[in-house]
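The values are calculated or read from the model by the stated rules, or taken from the named source; none is laboratory data. Only a predicted model underlies this, so the values are computations on that prediction, with no experimental measurement involved. Virtual Cβ from ideal backbone geometry, glycine too; neighbours counted across all protein chains shown. All accessible areas refer to the heavy atoms of the entire protein, side chains included, with ligands and DNA or RNA removed. Shrake-Rupley method; radii C 1.70, N 1.55, O 1.52, S 1.80 Å.
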Amino acid sequence: MKKYTYTEKKDTRSGFGAGLHEAGKKNENVVALCADLVGSLKMDAFIKDFPERFTQVGIAEANMIGIAAGMTIGGKIPFTGTFANFSTGRVYDQIRQSVAYSNKNVKICASHAGLTLGEDGATHQILEDIGLMKMLPGMVVINPCDYNQTKAATLAIAEYEGPVYLRFGRPVIPVFTDPDQKFEIGKAWMVNEGTDVTIIATGHMVWKAIEAGEKLAELGIDAEIINIHTIKPLDDEAILKSVKKTGCVVTCEEHNKFGGLGESVARLLTTELPTPQEFVATNDTFGESGTPDQLMSKYGLDAVNIVEAVQKVIARKKA
Amino acid sequence: MKHTIKELEDIASQVRRDIVRMVHGCQSGHPGGSLGCADFFTALYFEVLNYNKDFNMDGVGEDLFFLSNGHISPVWYSTLAHSGFFDKSELATFRKLDSRLQGHPTTHEGLPGIRIASGSLGQGMSVAIGAALTKRLNGDKSYVFTLHGDGELQEGQNWEAAMFAPFHELDTLICTVDYNGQQIDGPTKKVLNLDSLQAKFEAFGWHVINTDGNDMQAIVEGLHYAKTLTGKGKPILNLMSTQMGAGVDYMMGSHKWHGTAPNDEQLATALAQLPETLGDY
Ligand SMILES: Cc1ncc(C[n+]2csc(CCOP(=O)(O)OP(=O)(O)O)c2C)c(N)n1
Ligand SMILES: [Mg+2]
């Protein structure tokens, strides 16, 4: 197992804030909008340097998406910012008609996704947003795994033409990816090469997959770990290549197993290469209040859960 | 009056103590709006609302209350506990794992007193309208009360609801706005000015009254007065001026304490300003 270490922990939303600021410096067409959550979305640096390119829309997310869609007409590249729940479910039809169907160059940037939002509880903890967004034709869906990757992804989507959903989170987590990485939309990142099982992880679950990989190595299981940061378009080639070698797969995401990354992988595999698969994901449930760590453990999203899923899927492969 | 103004003020002081202790206890939650509305909740539950302590979801023959700005859950939980819906010891579980006192109010864990989830802003007026329509269909003459944040009124759904209620002459509906002039990113005037809410709601066909939400006498009288305006073909909007953080000096006068928890020292300072009247949980 390749060794991953970290010297600091940071939140992915701060990676977004830094990326937005840099994208703003690089391209004067980058504009930002927010619905009364500037601090939570870490937009302060952008606002400070480009006040005229920032729009505070107030607590009115539907209006924000519509305004963003309109701003693309004439060449602006709008980045909208609010919590993941209010970025998706709250404004689904506005995104569907004015952004996705109309193919507008809007970047929907969503913080506080998943259970790790913590104490605010289920009303704010969306576990369905990947599903909602990936179902929209033409929508790119990205869920980066740490501060550096989120920053790189933010810069990459500014250069990409078309609607994007960028999902990130609230808690501080290890920073373990390269600070100078080039982010390629739709290209998987090989975290660790292995032969016994393919672990496919996205977002906050990537670090947990690395922790699981270390435990598995101690148990004599050689896990291949792939980071799928872009859930759509999915890197079919990387997944099929790995699964051909390992013969079984575990998908890991901080999302409902209904409609998430795991289902995208399952769809690919059932059509191309039927393979035993286990899902580490929430199981058709809402979240609740608690600390991020408590919730990840209560809802089965810890490294131990990945280890168990791996043991189970290897047994199925052998059966 | 069921209580003297002094008795109500004492209850409100305890509610405020509970709020700061709850938010401190889990180091998260929203003290600012909760403190600002402590007098309103006390007046509503101890003087105005006609309810059954044996909680029943349908609330037939009872007045109903819906909290649209769900983030101020601490003030509601404390008031519900002191009104006898559940034991006040449960307040200690606020926002903790496996609690019925979720960060934002919910029916999911079955907490007595709560009839709908809120937290995602802007949805409560529609729900209250639905409940009032059902009361009308059932021939039930009791009232439906709501509370909304002022920043929350920036959500468009409120205005869909605001257009609907007068058109359907929902004159058992008494909506209150926590008019504190603050929201997360700053004063509402700077974020997205609401301008004259009175003129806006009147233009939509509401009967609008103005009350001082941090003066117990005024808020009790205001809510009683609102009741006398029902049955006249118009819904009632109570524009209730409050101070975010009311009762704790350092939390007042800005938006800074919208959603920040006090540390140990700040808690002690706050508690020193809020007499313990009914016993801490
Ligand atoms: C739909 C939605 N958008 C955003 C939020 C995040 N949020 C929670 S409270 C709040 C500010 C609310 O302002 P106001 O209603 O005036 O309440 P106050 O700050 O006065 O308590 C925001 C933006 C939310 N809960 N729901
Ligand atoms: Mg307010």
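Quick rundown of the values:
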| read-out | value |
| --- | --- |
| Single match in A:Val265, A:Val249, A:Val197 (criterion: buried (at least 24 other Cβ atoms within 10 Å of the Cβ), more than 17 Å from the chain's Cα centre (by Cα), closer than 28 Å to A:Pro137 by Cβ and assigned by TED's automatic domain parsing to the domain that holds A:Val313) | A:Val249 |
| Failed item, numbered, when A:Leu216 is tested on (1) aliphatic (A, V, I, L, M); (2) under 12 Å from A:Ile130 (Cβ atoms); (3) open to solvent by less than 20 Å² (accessible area, probe 1.4 Å) | (2) |
| Options A:Ala69, A:Ala60, A:Ala84: the member that is out of contact with any Gly (no Cβ under 9 Å at 6 or more places or on another chain), at pLDDT 95 or above and hydrophobic (A, V, I, L, M, F, W, C) | A:Ala69 |
| Test: residue in the stretch A:295-304 that is touching a residue at least 12 places away in the same chain (Cβ under 8 Å), within 29 Å of B:Arg95 (Cβ to Cβ) and small (Gly, Ala, Ser) | yes |
| Residue selected from the stretch B:157-191 under the condition small (Gly, Ala, Ser) and more than 11 Å from every other protein chain (Cβ to nearest Cβ), by the criterion farthest from ligand 2 (Cβ to nearest atom) | B:Ala165 |
| Qualifying residue in the stretch B:224-243 (condition: open to solvent by 60 Å² or more (accessible area, probe 1.4 Å), part of a helix (DSSP H, G or I) and touching a strand residue (DSSP E or B) at 6+ places or on another chain (Cβ under 9 Å)) | yes |
| Complete set of residues in the stretch A:144-186 that are under 27 Å from A:Ser102 (Cβ atoms) and open to solvent by 10 Å² or more (accessible area, probe 1.4 Å) | A:Leu155, A:Ala156, A:Ala158, A:Glu159, A:Tyr160, A:Glu161, A:Phe183, A:Glu184, A:Ile185, A:Gly186 |
| Some residue of the stretch B:92-107 being away from chain A (no Cβ under 13 Å) and not in a loop (DSSP other than H, G, I, E, B) | yes |
| Boolean, A:Ile221 is hydrophobic (A, V, I, L, M, F, W, C) and in a loop (DSSP other than H, G, I, E, B) | yes |
| The stretch B:206-223, subset among the polar types (S, T, N, Q) and crowded, with 16+ Cβ neighbours inside 10 Å, residue nearest to B:Leu170 (Cα to Cα) | B:Thr211 |
| Test: residue in the stretch B:109-124 that is at the interface with chain A (Cβ under 8 Å from one of its Cβ atoms) and more than 16 Å from ligand 1 (Cβ to nearest atom) | yes |
| Pairs where the first residue, in the stretch B:31-46, is within 12 Å of B:Ser13 (Cα to Cα) and acidic (Asp, Glu) and the second is within 12 Å of ligand 2 (Cβ to nearest atom) and at pLDDT 95 or above, C-beta under 9 Å, 6+ apart | B:Asp39/B:Gly213; B:Asp39/B:Thr242 |
| Residue within the stretch A:105-115 that is open to solvent by less than 20 Å² (accessible area, probe 1.4 Å), under 19 Å from the mean Cα position of the chain (by Cα), more than 16 Å from ligand 1 (Cβ to nearest atom) and of a type in the set (A, V, I, L, M, F, W, C) present | yes |
| Residue identified as more than 21 Å from A:Met64 (Cβ to Cβ), assigned to a loop (DSSP other than H, G, I, E, B) and more than 13 Å from ligand 1 (Cβ to nearest atom) among B:Glu169, B:Glu202 | B:Glu169 |
| Residues satisfying the stated conditions in the stretch B:137-165, i.e. assigned to a helix (DSSP H, G or I), buried (at least 20 other Cβ atoms within 10 Å of the Cβ) and either of a type in the set (Gly, Ala, Ser) or away from ligand 1 (no atom under 12 Å from the Cβ) (or both) | B:Gly151, B:Ala161, B:Ala162, B:Ala165 |
| Any hit, the stretch B:259-268, residues being open to solvent by 10 Å² or more (accessible area, probe 1.4 Å), within 14 Å of chain A (Cβ to nearest Cβ) and away from ligand 1 (no atom under 13 Å from the Cβ) | yes |
| Residues (surrounded by fewer than 24 Cβ atoms within 10 Å (Cβ to Cβ) and within 16 Å of ligand 1 (Cβ to nearest atom)) located in the stretch B:28-56 | B:Ser28 |
| So B:Ala117, is it surrounded by 17 or more Cβ atoms within 10 Å (Cβ to Cβ), closer than 20 Å to B:Met57 by Cβ and of a type in the set (A, V, I, L, M) | yes |
| Scan of the stretch A:116-134 for residues that are crowded, with 24+ Cβ neighbours inside 10 Å, away from every other protein chain (no Cβ under 13 Å) and of a type in the set (Asp, Glu), ordered by number | A:Asp129 |
